[in-house]
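Engineer: Supplied in structure tokens, the structure appears directly below.
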Amino acid sequence: MKKIFLLLSVFTLVSLCSQAQDQDPKAKKILDDLSKATKAYKTITSEYIFTIVNKDKKQTEKQTGKVLVKGAKFKLEIPGNTIVCDGKTIWAHNKDANEVTIKSFDANNEDQLNPSKIFTMYETGFKYKYEKEEKVGAATCHVITLYPSVKPEKKKFHTVKIFVDKAKNQIAKMVMLMKDGSTQSYEIKSFKSNTEIADNVFVFDLKPFKADQITDERD
């Protein structure tokens, strides 16, 4: 379970409360354009590779995942787990235990999973700096470094690096430098926007489960 929360930690990086004034203008222009493009998408379907490298660089863990986003609705597939949200309710299916936990969803709750924020998490609560251009696979990317500016002492990371594909104006990779010395990275392997996704994709079917397999934590 600890590994699952590590995997989901990046998705809880939501908009905080204030915007720093001393921002790098080049980085700001790139991030503003990225935000505008991302918010124009009606839907997003993305596959990614999540990698953890521990502080001594001797242990690496890789997992693949897939996320679908439609407004406030999302569906996240990671090894051993499926998380589905219709904008009001969130269902978490642990496949190994074959159990489902149900909670009420609050998009403004920083402690709740919200994958849609991965594409706009940089908007507020961070200082940022343009670093350089760098290749991610075949793509030439802008590299922008972000530092939390609101309650940084409460964050598990101290630095985030975002790699923005110059040609596609999309996030190609994100790297989080953690305070424990480890590194977490998300490399986007595929990104599709504005594809048709039916609303029922974001509703979890409880019919196959018995009552003792379901934990309902809604108020």
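The values are calculated or read from the model by the stated rules, or taken from the named source; none is laboratory data. Everything numeric here is computed off the predicted structure, so don't read it as measured data. Cβ atoms come from the backbone with ideal geometry, glycine included; neighbour counts cover every protein chain shown.
Engineer: Could you pull out every one of the strands (runs of 3 or more DSSP E) wholly within region 142-219 that has 1 or more residues that are loosely packed, with under 14 Cβ neighbours inside 10 Å?
Structural biologist: Per the criteria, 157-165, 183-193, 214-216.
Engineer: I need every pair where a residue in region 161-175 that is free of Cβ contacts under 8 Å to residues at least 24 places away in the same chain has its Cβ under 8 Å from the Cβ of a residue that is among the charged types (D, E, K, R) and assigned to a loop (DSSP other than H, G, I, E, B), sequence separation at least 6 or different chains.
Structural biologist: Going by the 8 Å Cβ cut-off, there are no qualifying pairs.
Engineer: Modelled with pLDDT of 85 or more, in contact with a strand residue (DSSP E or B) (Cβ under 8 Å, 6 or more places away or on another chain), among the aliphatic types (A, V, I, L, M) and closer than 26 Å to Asp33 by Cβ: is that true of Val143 in this structure?
Structural biologist: The answer is yes for Val143.
Engineer: Which residues, counting only those in region 29-43, are farther than 24 Å from Ala198 by Cα, surrounded by 16 or more Cβ atoms within 10 Å (Cβ to Cβ) and either among the β-branched types (Val, Ile, Thr) or out of contact with any strand residue (DSSP E or B) (no Cβ under 9 Å at 6 or more places or on another chain) (or both)?
Structural biologist: Ile30
Engineer: Something else now. Could you check, for region 126-134, whether at least one of its residues is closer than 21 Å to Leu68 by Cβ and modelled with pLDDT under 90?
Structural biologist: Checked against the condition, which is being closer than 21 Å to Leu68 by Cβ and modelled with pLDDT under 90, region 126-134 yields no hits at all.
Engineer: Applying the selection to region 47-63, what residues are free of Cβ contacts under 8 Å to residues at least 40 places away in the same chain and in a strand (DSSP E or B)?
Structural biologist: Thr60, Lys62
Engineer: Moving on. For region 124-133, check the following and say yes or no: at least one residue is surrounded by fewer than 18 Cβ atoms within 10 Å (Cβ to Cβ) and either within 15 Å of the chain's Cα centre (by Cα) or not in a strand (DSSP E or B) (or both).
Structural biologist: yes
Engineer: Spot the failing condition for Lys73; the list is (1) crowded, with 21+ Cβ neighbours inside 10 Å; (2) in contact with a helix residue (DSSP H, G or I) (Cβ under 7 Å, 6 or more places away or on another chain), and only one is missed.
Structural biologist: Condition not satisfied by Lys73: (1).
Engineer: A further question follows. Which members of region 34-60 meet the condition of being under 18 Å from Lys179 (Cβ atoms) and acidic (Asp, Glu)?
Structural biologist: Asp56
Engineer: Still on this structure, please answer the following. Does region 106-124 contain any residue that is of a type in the set (A, V, I, L, M, F, W, C) and modelled with pLDDT of 80 or more?
Structural biologist: No, region 106-124 has no match at all.
Engineer: Got a sec? Which of Asp24, Asp96, Asp56, Asp33 is acidic (Asp, Glu), modelled with pLDDT of 90 or more and on the phi < 0 side of the Ramachandran plot?
Structural biologist: So the residue among Asp24, Asp96, Asp56, Asp33 that is acidic (Asp, Glu), modelled with pLDDT of 90 or more and on the phi < 0 side of the Ramachandran plot is Asp96.
Engineer: Looking only at region 44-61, count how many residues are among the β-branched types (Val, Ile, Thr) and surrounded by 16 or more Cβ atoms within 10 Å (Cβ to Cβ).
Structural biologist: Of the residues in region 44-61, 4 are among the β-branched types (Val, Ile, Thr) and surrounded by 16 or more Cβ atoms within 10 Å (Cβ to Cβ).
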